[in-house]
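Before any comments, here is the structure.
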Amino acid sequence: MLLIQIFILAMFITIAVYNLIKIILTKEPIISLKKQIIILLLTETLIIVFVWIIGIVDIWFYTVILPVVTVLFTIIVLLFNYLAKKTKSNNSMKSISLFTIFAIITTRFFANNTFYDNMSTDFFIFHLFAIIHNVLIINVVLAFLLNSGFTKDDLGINIKSNTNTKNLHKYALCFFIGLGIMIGDIVAISNIYNLNILEYIKNKPAGVLFFDFIFNFFKNGIPEELLFRGLIFFLFSKFFVKKLGEERGVFLSVLTTNIIFTIIHTNVPISYSFNILFLGIILNYIRIKSGNIFIPAILHAMFNAFTPS
């Protein structure tokens, strides 16, 4: 029975992820927002039916709370899309609307950071539902952004124009530099907070770590990198570079973006905020050097998966 449930949920994930890849790789500058919203609502409806059939334990959450949140999210997106068309709003108006939308995503309806430390049914169901929901919302947000006048280059999601051999070497270099810094920071955190992170990783089944990574990639990696190292960094750099010049403008944009990124992490001790700020700045420079948000998103997800919540 568990295998059938996972297979059906995996089909939903495949559809959602396929759609995300299609959005990223398409040559079209604008994506149909209506189509993405229909896919979101239709899939959520099918999930409700699926949940009732399998009789999942937390049925109230999946069939009442999550659908209500999804409907509210959809209404907000459509409202801001309507206002943007009517008022021909500038980037500041768009950024306010996007803050509202991403606030819904980063509230983490799925993730009160409750992970399961064994290969239980709850573990699989929790992660699979979370991945489906977050990918569907990311698709809607990307369609909204591209309909609001932003380009893929602005957001750091333009892979097609950066896939020659030279850039692949650059991606690999950025990834391994970032990985080295991330490992160093994990060791530092382990020493500062007396956390035996190596023991934590060792005691966690490989399957659990893998699913934690995938889950974090779609829960934190893509949404937060798209918001901070994509949108907010772009808006700040556009303003500061114009006022202060290239070098100082980019530096101030990186610093401001990641101070905001640090502030929203209110669930950690103040002393730990310096680690978050440091990692945010590193991820931002990797985003600049690599030209996209996907390498920072992978590193972000790895860091979250390999450190205790």
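Give, as residue ranges, the helices (runs of 4 or more DSSP H) completely inside the range 122-232 that count at least 1 residues that are closer than 27 Å to Thr256 by Cα and modelled with pLDDT of 80 or more.
So the answer is 152-155, 206-216.
Yes/no per residue for (1) at pLDDT below 65; (2) surrounded by 14 or more Cβ atoms within 10 Å (Cβ to Cβ):
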site	(1), (2)
Gln36	no, yes
Val51	no, yes
Ile56	yes, yes
Ile59	yes, no
Leu78	no, yes
Ser89	yes, yes
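Of all residues in the range 270-307, which are free of Cβ contacts under 8 Å to residues at least 60 places away in the same chain and either assigned to a loop (DSSP other than H, G, I, E, B) or under 18 Å from the mean Cα position of the chain (by Cα) (or both)?
Residues satisfying the conditions are Ile276, Leu277, Gly280, Ile281, Asn284, Tyr285, Ile288.
The values are calculated or read from the model by the stated rules, or taken from the named source; none is laboratory data. Since this is a predicted model, take the numbers as computed values, not measurements. Glycine gets a Cβ as well: all are built from the backbone with ideal geometry, and neighbour counts include every protein chain shown.
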